[in-house]
1. Give segment 200-224 a look and list any residue that's aromatic (F, W, Y) and touching a residue at least 40 places away in the same chain (Cβ under 8 Å), or say none.
2. Count, please, the residues in segment 187-196 that happen to be in contact with a helix residue (DSSP H, G or I) (Cβ under 9 Å, 6 or more places away or on another chain) and without any contact (Cβ under 8 Å) to a residue 60 or more places away in the chain.
3. Residues that are over 16 Å from the mean Cα position of the chain (by Cα) and surrounded by fewer than 16 Cβ atoms within 10 Å (Cβ to Cβ), at least 3 per element: which helices (runs of 4 or more DSSP H) completely within segment 173-248 meet that?
4. Looking only at segment 249-260, which residues are touching a residue at least 24 places away in the same chain (Cβ under 8 Å) and surrounded by fewer than 22 Cβ atoms within 10 Å (Cβ to Cβ)?
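Each value in this text was obtained by applying a stated rule to the coordinates, not by laboratory testing. Please read these numbers as outputs of a predicted model, since none were measured by experiment. Please note: Cβ atoms are built from the backbone with ideal geometry, for glycine as well, and neighbour counts cover all protein chains shown.
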Amino acid sequence: MILRRLRAVPGILVLCAAALAPAPAAAGLFDDEVARKQIAEQQKRVDELRGQTESMAARLARVEEEAKSQPVLALVSEIEKLREEIRSLRGQIEVLGNNVDGVAKRQRDMYVDLDLRLRRFEQPGASVAPTPAPGAAAAGDAAKTAAAAPVSVEENEAYERAQGQRRIGNYQGAITAFQAFIAKYPKSTLAPRAQYWIGDSYFNLRDFRNAIASQQKLVAAYPDSASVPDALLNLASSQLESGDSAAARKTMDGLIARYPSSEAAEKAKRRVANLR
């Protein structure tokens with residue numbers, strides 16, 4: 001009877017290992033630094049629990065080796081203790097999993113909010129113009145935006161298909177789809193946003209070199225777009241992640257100076273303060 005129970009213990013470890021498997025990465029919002037840190041902390045805790053489980057597995061192996069020399073009752077007590085610890089760890093993992101899911105949901109909601117906000121600003125007749133330099137005229141920006149053609153049904157469907165890939169965490173698929181969208185609809189009012197999400201998808205893949213290049217391309221190709229402030233903030237985030245804090249600070253200083261009333265500038269101000 002005791003030996004059969006011992007043989008059943010590895011099965012418990014398999015279940016525990018399955019529970020410890022990391023959840024798929026959620027679509028992290030570049031400007032939601034708090035959410036990203038929360039997910040990182042939760043993942044760290046999961047890794048610690050995995051280490052504890054591996055330690056228990058080693059203990060079980062030792063128990064099995066000692067089975068030939070120790071009293072049966074002592075072995076049963078040790079096994080029950082290990083099982084209780086495993087149950088406790090599984091409960092903690094479930095709680096952590098729920099926490100990660102909650103943070104991921106908030107990030108997805110924020111992504112949707114950002115996309116809707118950008119979409120509203122990119123529509124004909126709307127513009128987010130930078131603060132003009134002394135003596136410079138800002139006239140003409142709204143006129144250029146208003147002259148843009150409205151989004152067709154085909155454009156919108158193609159854009160949403162690309163967004164669908166990003167929302168499920170298929171960032172490489174999203175990059176390919178958004179690039180195809182821009183190639184087919186280069187003059188679309190959705191093109192700047194498509195370029196933005198290309199950079200953001202590279203950021204989520206931790207390909208910061210391409211994330212930087214993508215957002216720089218947006219700023220150069222669509223200088224009057226409402227997506228520029230968010231692109232600059234994502235650019236600064238990529239520079240920080242790649243270890244170039246000096247470039248990141250310069251980018252954020254430029255964002256704050258050029259778009260002082262934007263939401264991205266407010267976030268940049270907080271980040272600059274943290275860099276001091």
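1. The initial filter retains those residues of segment 200-224 that are aromatic (F, W, Y), namely 202-203, 208, 222.
Answer for segment 200-224, where residues must be aromatic (F, W, Y) and touching a residue at least 40 places away in the same chain (Cβ under 8 Å): just F203.
2. In the first step, residues of segment 187-196 are kept if they are in contact with a helix residue (DSSP H, G or I) (Cβ under 9 Å, 6 or more places away or on another chain); the result is 188-196.
When the remaining residues are screened for being without any contact (Cβ under 8 Å) to a residue 60 or more places away in the chain, the result is 188, 191, 194-195.
Residues flagged as in contact with a helix residue (DSSP H, G or I) (Cβ under 9 Å, 6 or more places away or on another chain) and without any contact (Cβ under 8 Å) to a residue 60 or more places away in the chain within segment 187-196 amount to 4.
3. On the way: elements: 191-204, 208-221, 228-241.
Because the criterion is at least 3 residues that are over 16 Å from the mean Cα position of the chain (by Cα) and surrounded by fewer than 16 Cβ atoms within 10 Å (Cβ to Cβ), the helices (runs of 4 or more DSSP H) in segment 173-248 that meet it are 208-221.
4. Step one: of segment 249-260, the residues touching a residue at least 24 places away in the same chain (Cβ under 8 Å) are 249, 255, 257-260.
Matches in segment 249-260: R249, A257, R258, P260.
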